[in-house]
Each structure stands twice: as structure tokens, then as C-alpha cells.
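Encoded as C-alpha cells, the structure appears first; notes follow it.
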């Protein structure tokens, strides 16, 4: 008998201007009920921090509704959360975020769920809707970090991947559990642990340091944790998790980051950065940017931050039919920043759609034309181009 016990909605597709990651999971309870656990990962840069006495605080709300098949509400709740930090620099750090979870009992007949997250210090908010499935009985996976629940299922390089798998089916004859970490179909690592019974809790544990003895990352990116029960009854479940590491340790992320230097680095510099051994990447990267740092005596490199903010803007705004950060508009935007004025003509009857960007303070003007009608704007005879 094969029991799939943990039903996962997974990382949710969200809509709105509050950037965050939402994961939802429905798992069984011992009284044959079910509970919805919603995990969130909100970057500090998505929240409005306000000065309060000797600290900076941000507040946000999370609302969840459970609905039946007709869309009528069956249950719901609202949580108000806050996060407080001592230093302003922490509020704008790219790697700072708030992780947490909320849970709601799932009543019988529940079919759908809605969630809305709002930043109470601004107008930013986002929402998501997803289908619910009632779980059966069997296995329950809990992710831990430093011995505490990690329901957001996100880890860093300094962490140890800790998993507690609990056998909820009390009559299931399972002697041990096989743990596997998979990337796609490939098994990255794994092991088998015996099921122990302590105060009525039948469970097995798995631990795996995410950095080796030299400090290099063993895992980086998105993975799936699968647990298989071994014995007379076969139980099986799987849950996704993430490992966030500095991009220096992730080959794909590092090479992508180097490719994005095309507007500021020479071909030789990009080749040298790509060829740098993994353990030397961070030093090579910082050396590259230190030479371009307008304030080298400070820890913050304003030039690097500004450059990649413009790259991200180009990805977000010039990718619909165009080439994103490799487009002609990105080439101008990354180098010169926002135009002083843009004359946009997207619906021209007798000519192609076009945009004219004016940089009055620089004496520059750029004309971009959608020659093919698919949203790819190419540069068309700028009056000035001092490259």
C-alpha cells in the first residue's frame, strides 16, 4: 500500500507590488483533521521601516480565507506582524528578510484558499489564490533550523539541513525512513534513519551540513526532499525547499551575474571573472568593483548597487517582447539612468511605435523604434552617442 501523505500547494504565484515568497501546505492532524500552513519570506526592502525610538520597525498583515467549491467562505483569520531592527543598513540589505508562518484549521468541504499580505506602512500589497486538497494519513515532514521549525523551508550556507519525518499513521508498520535530496530526477544526497518511538511520537531525523569543511556550498538553489517508509507498509512524501547561498558558490548564478557586467566590464575582465576558481570568485568580484567604488573608504559600494538596480529595472520593464537587460533601451538606461522625459507613441497609424528619451542635462536624445511590432524597441539614429 502506497500512501501519499503530505499534499503541497508549493510556492504560490502572487500578484501585487509587494515582493515576497509564499509557500502553502496542507497536512493531516492526529484527530483526522487537516491544517493549512502558510509560510512567508518577505525581503526587508519590500517593507516600509519607520524610526521608532532607537530602532526601525515595519508592520504587515496576513489574511487567509478558506472557501468551499462555490467560493463561499468557511473559515479565515487575520494576523498582524512586525519586525524590528537596530540599524538602518539592515533595512536596505538585499539579503535581509523576515520569515515566518501562520496556520489555519481546514474545515470539511474546503476547496480553495485566498491569502493577502499588506505592508501597513505603505500601499504595497500582494495576493494569491490556490486550490486545497484534503490529505490522507501517513508521513509528515517538518524542516528545522537550529532545532526550531523552519516552515519557510529556506536555508543559508551556514545552516544544517535538518528534517524530522513523523509517522502519523499509528498502525503503519514502518521500521525506518529513507531520506533523499533530489534536484529534478537526480539524487544529490540521502540516507536511512530508524524510526524511534518517544512519548508517542514515531519519527526519524536527517541532518546534512550545507557547507563542506572548506566552507564551500554543497547545495545551492531549489531541491526536493523525499521521504520513503521502509517496512510492510510503504509510505512516501515529498516537499520542496530552497538553499540560498552567495552567488559566488552557485555556478549558474555567478556566470549570469558576470554576463550582466557587459555595460561596465571589458571582454577581458569578464573572461577573467568567469575563469576564477570558485574559492577565488568573491575576492575577484570585490576587486573588480573596488576599482570602481566612488567611496572606497566605506563598506557600501554605491556604484555596484546602482548598476544592478538598473539591470533589474531593465529585466522587469524591457522583457515583454524585448531582450531585457540586453535590449537597446537597457543599454541606454543602465549607462545613463532614468531619462528626464520620455515621449512614448505606442499606437501610431502611419508609422512604427516609438519612444524618444530626452536627457536634457547631458544633451542626449535617443529614439527607439518597434520595427517589427512585437515590442522590441531598437535604437534609431540617436543625435548623440559618445561611446
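Numerical summary
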| read-out | value |
| --- | --- |
| Qualifying residue in the stretch 61-72 (condition: more than 20 Å from residue 124 (Cα to Cα) and in contact (Cβ under 8 Å) with a residue 60 or more places away in the chain) | yes |
| Strands (runs of 3 or more DSSP E) (entirely within the stretch 20-70) containing at least 1 residues that are more than 28 Å from residue 107 (Cβ to Cβ) | 34-43, 50-52, 55-67 |
| Filter result (part of a strand (DSSP E or B) and more than 35 Å from the chain's Cα centre (by Cα)) within the stretch 344-355 | 345 |
| Hey, residue 191 in a strand (DSSP E or B), more than 23 Å from the chain's Cα centre (by Cα) and touching a residue at least 12 places away in the same chain (Cβ under 8 Å) or not | yes |
| Considering residues of the stretch 130-151 that are crowded, with 22+ Cβ neighbours inside 10 Å and either in a loop (DSSP other than H, G, I, E, B) or touching a helix residue (DSSP H, G or I) at 6+ places or on another chain (Cβ under 7 Å) (or both) only, the residue modelled with the lowest pLDDT | 135 |
| Number of the exception - residue 341 against (1) out of contact with any strand residue (DSSP E or B) (no Cβ under 9 Å at 6 or more places or on another chain); (2) loosely packed, with under 13 Cβ neighbours inside 10 Å; (3) modelled with pLDDT of 95 or more | (1) |
| Residue within the stretch 157-169 that is part of a loop (DSSP other than H, G, I, E, B), at pLDDT 90 or above and touching a helix residue (DSSP H, G or I) at 6+ places or on another chain (Cβ under 9 Å) present | no |
| Some residue of the stretch 116-125 being closer than 20 Å to residue 20 by Cβ, in contact (Cβ under 8 Å) with a residue 12 or more places away in the chain and in contact with a helix residue (DSSP H, G or I) (Cβ under 8 Å, 6 or more places away or on another chain) | yes |
| Residue check, residue 197 part of a strand (DSSP E or B), surrounded by fewer than 19 Cβ atoms within 10 Å (Cβ to Cβ) and modelled with pLDDT under 90 | yes |
| Restricting the stretch 88-108 to residues that are more than 25 Å from residue 53 (Cβ to Cβ) and exposed (fewer than 13 other Cβ atoms within 10 Å of the Cβ), the residue that is modelled with the highest pLDDT | 107 |
| Where residue 362 falls short, out of the listed (1) surrounded by fewer than 15 Cβ atoms within 10 Å (Cβ to Cβ); (2) touching a residue at least 24 places away in the same chain (Cβ under 8 Å); (3) under 24 Å from residue 256 (Cα atoms) | (3) |
| Within the stretch 212-221, considering residues that are in a loop (DSSP other than H, G, I, E, B) and in contact with a strand residue (DSSP E or B) (Cβ under 7 Å, 6 or more places away or on another chain), the one nearest to residue 181 (Cα to Cα) | 219 |
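Yes or no, residue by residue, for (1) within 24 Å of the chain's Cα centre (by Cα); (2) modelled with pLDDT of 90 or more:
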site	(1), (2)
224	yes, yes
232	no, no
236	no, no
245	yes, no
253	yes, no
261	yes, yes
275	no, yes
283	no, yes
297	no, no
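The values are calculated or read from the model by the stated rules, or taken from the named source; none is laboratory data. Since the model is a prediction, treat every value here as computed from it, not as a measurement. Cβ coordinates were reconstructed from backbone atoms using ideal geometry, including for glycine residues, and neighbour counts include every protein chain displayed.
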